[in-house]
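Inspection log for the structure reproduced underneath, given as structure tokens.
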Amino acid sequence: MFKQYKKLWLGLIVLILLSPLGLIATGTAFGEWSTEELITEVGFIPQGLERMADFWSHAPMSDYAVPGLEGSFLSSAGGYIISAVVGIALVVGVFALFSKIVKE
Amino acid sequence: MHIPDGYLSPQTALVMTAVMVPVWGVAVKKVREKLKRKDVPLLAIGAAFSFTIMMFNLPIPGGSSAHAVGAVLLAILLGPWAATLGVSVALIIQALIFGDGGILAIGANCFNIAFVMSFVGYGVYKLVRGDSDAMSARALVAGVLAGYIGLNCAAFFTAVEFGSQYNWFKAADGTPLYFMYPLKTAIAAMMSEHLILAGPVEGIVTGLGAWFVGRNYPELLPRISKAALN
């Protein structure tokens, strides 16, 4: 998996290390407001949204944060990098499995 | 942005999922037809790249944020079906593990960001690049335009999915049940962000990304044959 395209894997590592830059933009994206943020945004929480918003509460690294590794920018940055590594490992893992059903 | 749960009605979320299931099926079939095992690491890298680039939030004046995707770059390298698959995997992991994007909204998010974006971007790339060399200025422009237009198409579909909820799904007291702004507002907000900021970033990521890959692995970006262009 890693022998070819060394330069691309290296590029990915550089991206991982730069990822905390993504933490600097702190504004919530349009259409991604939490129920609390909606009170400020529109003054109410739509009834259907309120029912469905917590459909999935099992995300182990919610918002790309490592539980415990928050508080300062430095710890959040560490959590972000760990999240990137975990995410990439999972993505690569899926395709490592997928590769078994692809012809040689 | 990724649509969270609660912003689309269960009905709409279900329809988008129902649309994506056969798309995923075809994508798996096409990728198994077209790719060899030695190509899969590149697909893994592309999907991983997409995952990571979506973590780079770009600040939007007014307090919002947006992000590039990398779907078109992956489509340029391995074709739009592979890109659909790769970006879908990234999006699903983002939703399940990181709570980025809803679970019920996975179908809609994949439709917009993995499917529409990959195919539109790929089409634009082929059209603009023509049979020019992979490292030519024309190919670079093709990559930039393809990324820009692909992302904005994804944003447009997202805006329409959002805005349609406002008219279609209202509570007894007249308030919207799910997405809370009318269609015009959704389109204005989504398109201004992506036309002005996220789109150019995506264009640059796509153009430079393709250039970087072509520079280091020229065999990955061969001349597009006349047959493929027709």
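Within region B:53-72, the set of residues being surrounded by 24 or more Cβ atoms within 10 Å (Cβ to Cβ) and at the interface with chain A (Cβ under 7 Å from one of its Cβ atoms) comprises B:Met55, B:Ala66.
Per-residue answers, yes or no, for (1) under 20 Å from B:Leu8 (Cβ atoms); (2) in a helix (DSSP H, G or I):
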{"position": "A:Gly27", "(1), (2)": "no, no"}
{"position": "A:Glu32", "(1), (2)": "yes, no"}
{"position": "A:Gly48", "(1), (2)": "yes, yes"}
{"position": "A:Phe55", "(1), (2)": "yes, no"}
{"position": "A:Pro60", "(1), (2)": "no, no"}
{"position": "A:Leu69", "(1), (2)": "no, no"}
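Would you call B:Val40 over 19 Å from A:Val92 (Cβ atoms) and assigned to a helix (DSSP H, G or I)? No: the conditions fail for B:Val40. Against the test of being farther than 18 Å from B:Phe51 by Cα and part of a helix (DSSP H, G or I), the options B:Val87, B:Val124 yield a single qualifying residue, B:Val124.
The sole residue among B:Val144, B:Val201 that is under 26 Å from B:Asp39 (Cα atoms), modelled with pLDDT of 95 or more and not acidic (Asp, Glu) is B:Val144. Is it true that some residue in region A:72-88 is in a loop (DSSP other than H, G, I, E, B) and either at the interface with another protein chain (Cβ under 10 Å from one of its Cβ atoms) or out of contact with any Pro (no Cβ under 9 Å at 6 or more places or on another chain) (or both)? Checked region A:72-88: at least one residue is in a loop (DSSP other than H, G, I, E, B) and either at the interface with another protein chain (Cβ under 10 Å from one of its Cβ atoms) or out of contact with any Pro (no Cβ under 9 Å at 6 or more places or on another chain) (or both).
This table checks each residue for (1) part of a helix (DSSP H, G or I); (2) more than 29 Å from A:Phe44 (Cα to Cα).
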position: B:Asn152; (1), (2): yes, yes
position: B:Ala172; (1), (2): no, no
position: B:Tyr181; (1), (2): no, no
position: B:Lys184; (1), (2): yes, no
position: B:Ile196; (1), (2): yes, yes
position: B:Phe212; (1), (2): yes, yes
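Which residues, taken from region A:1-23, are more than 7 Å from chain B (Cβ to nearest Cβ) and either touching a Gly at 6+ places or on another chain (Cβ under 6 Å) or within 24 Å of B:Met1 (Cβ to Cβ) (or both)? Once the filter is applied, which keeps residues that are more than 7 Å from chain B (Cβ to nearest Cβ) and either touching a Gly at 6+ places or on another chain (Cβ under 6 Å) or within 24 Å of B:Met1 (Cβ to Cβ) (or both), region A:1-23 yields A:Leu18, A:Pro20, A:Leu23. Taken over region B:100-121, residues that are among the aliphatic types (A, V, I, L, M) and outside any helix (DSSP H, G or I) amount to 3.
Can you name the residue in region B:169-187 that is more than 10 Å from chain A (Cβ to nearest Cβ) and out of contact with any Phe, Trp or Tyr (no Cβ under 9 Å at 6 or more places or on another chain) and is also nearest to B:Ala66 (Cα to Cα) among such residues? The selected residue is B:Lys184.
Only a single item in (1) of a type outside the set (Asp, Glu); (2) crowded, with 24+ Cβ neighbours inside 10 Å; (3) under 25 Å from A:Phe55 (Cβ atoms); (4) modelled with pLDDT of 95 or more is not met by B:Ala75, and it is number (3).
The values are calculated or read from the model by the stated rules, or taken from the named source; none is laboratory data. Bear in mind that the values here come from a model prediction, so they are computed numbers and not experimental data. All Cβ positions, glycine included, derive from the backbone under ideal geometry; neighbour counts span all protein chains shown.
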